[in-house]
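Report on the structure given below.
Every read-out reported here was derived from the displayed coordinates using simple, explicitly stated rules and does not represent laboratory data. Fair warning: this is a prediction, and the values are worked out from it, not measured in the lab. Glycine gets a Cβ as well: all are built from the backbone with ideal geometry, and neighbour counts include every protein chain shown.
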């Protein structure tokens, strides 16, 4: 099981599209969730990010974030 966690503040800042794209996959081995705080305050203004199995994944755009998360999830599932 791979867990992808998003910070609510970062979702509001723009990573919501990546979140919904991942939620739409409904893969049985991927759990996507939003947390109120991931402890990375300040990062929300600098980049888009999420954690994949506690590994930080960052990007400059929500589209890039989605692509990087997919790659990271694939690495964890193989």
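See the values below:
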item: Peptides ranked, highest mean first, by Cβ atoms within 10 Å: ranges 62-74, 19-31; result: 62-74, 19-31
item: Helical mean residue ellipticity (222 nm; -39500 (n - 2.57) per DSSP H run of 4+; nearest 500) of the chain; result: -10500 deg cm²/dmol
item: Computed over the chain: relative contact order in percent, which uses C-alpha pairs under 8 Å that are six or more apart; result: 38 percent
item: Distance in nm between pseudo-label sites at residue 63 and residue 8 (7 Å out along the Cβ direction from Cα); result: 3.0 nm
item: Gain on full stretching of the segment that runs from residue 16 to residue 55 - 0.36 nm per residue minus C-alpha separation; result: 12.1 nm
item: Three-way shape label, the chain, alpha-carbon gyration tensor, a/c 1.5; result: prolate
item: Cα long-axis angle, helix 16-25 against the chain (0 to 90 degrees, to the nearest 10); result: 10 degrees
item: Between helix 62-77 and the chain: long-axis angle, C-alpha atoms, 0 to 90°, nearest 10; result: 40 degrees
item: Separation of the residue 23 and residue 37 label points, Cα + 7 Å toward Cβ, nm; result: 2.3 nm
